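Down below is the structure, laid out as structure tokens.
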Amino acid sequence: MKTTIKLMLLTLLFSSGLDEIQAQMEIRDYAEESVSFETFTWLQDSLPKSAPVSPGSSVIEGGIGFGYMMKGGYFAMKGLFISRSRWGTSLDFKFCSWKTKNLPSDYNYLFHPRDECAVYSLNLVRVLTRHGVSPRFSVEIGPSLVRTDNEIITPNPDYDPNDIFHLSKYLRSNEVDQAFGLSMSMETEVLLTSFMAMDFSIFGNINKLNSFLGIGLYFNFGDVKD
């Protein structure tokens with residue numbers, strides 16, 4: 001009986017000791033977890049916060065330009081739309097004119113004959129730079145309609161230098177052709193203000209009449225800032 005009582009007392013004392021040790025360990029673990037959580041929170045607060053990425057907005061522009069293509073300078077008009085996804089479309093018109101070549105040596109009329117070329121293109125546009133970046137780089141490609149109007153100078157079979165009516169020595173006629181082509185260009189656009197941009201382009205056109213390369217400078221107006 002005494003032995004049993006002694007064993008029960010030892011068991012109680014041992015259990016109390018284990019409870020005390022476990023309680024101390026729990027208090028220490030909780031303190032360590034609190035310090036770790038506070039440290040993590042401090043580190044998180046100290047890290048620089050990155051600004052949210054702006055999805056940008058669409059761009060609508062209209063402009064005029066000039067440049068050089070084929071055998072002479074040209075005048076151009078352009079309309080452009082770019083969506084928030086940086087894909088878009090453009091409608092471009094170029095008109096080029098130059099003096100007719102290979103004229104007769106004695107052709108000395110007051111008004112020099114001129115050849116003309118008009119190019120209409122509808123292009124798919126892809127902007128290569130991110131929203132809000134200037135300069136803005138893009139590429140364009142699409143179908144086009146090319147129309148040429150060439151002056152044809154031929155001797156007048158009825159010409160008589162002694163005729164009192166002074167018939168013209170040469171006859172002038174027009175030869176008009178048109179064909180479909182493929183238009184391509186690379187654009188570099190610099191934003192000048194929130195409503196104005198300057199666009200430098202290098203372009204080319206492949207067609208059966210007269211393929212060509214050219215350079216141009218546009219001034220675009222509208223909602224140019226994305």
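The values are calculated or read from the model by the stated rules, or taken from the named source; none is laboratory data. All values derive from a computational prediction rather than experimental measurement. Ideal geometry is used to build each Cβ from the backbone, glycine not excepted, and the neighbour counts take in all protein chains shown.
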Residues that are closer than 29 Å to THR193 by Cβ, touching a Phe, Trp or Tyr at 6+ places or on another chain (Cβ under 7 Å) and loosely packed, with under 13 Cβ neighbours inside 10 Å, drawn from segment 126-159: LEU128
Residues that are in contact with a strand residue (DSSP E or B) (Cβ under 7 Å, 6 or more places away or on another chain) and of a type in the set (Gly, Ala, Ser), drawn from segment 84-121: GLY88, SER90, SER97, ALA118, SER121
Of all residues in segment 160-197 being among the aromatic types (Phe, Trp, Tyr) and part of a strand (DSSP E or B), the one that is surrounded by the fewest Cβ atoms within 10 Å (Cβ to Cβ): PHE180
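Scan TYR74, TYR30, TYR107, TYR120 and give me the residue that is at pLDDT below 90, among the aromatic types (Phe, Trp, Tyr) and within 30 Å of ILE153 (Cα to Cα). Even if it seems obvious, please write down each step before you answer.
Details: TYR74 fails: at pLDDT below 90; TYR30 fails: within 30 Å of ILE153 (Cα to Cα); TYR120 fails: at pLDDT below 90.
The conditions single out TYR107.
Would you call SER201 in contact with a Phe, Trp or Tyr (Cβ under 8 Å, 6 or more places away or on another chain) and in the same structural domain as VAL125 (by TED's automatic domain parsing)?
So SER201 fits the description; yes.
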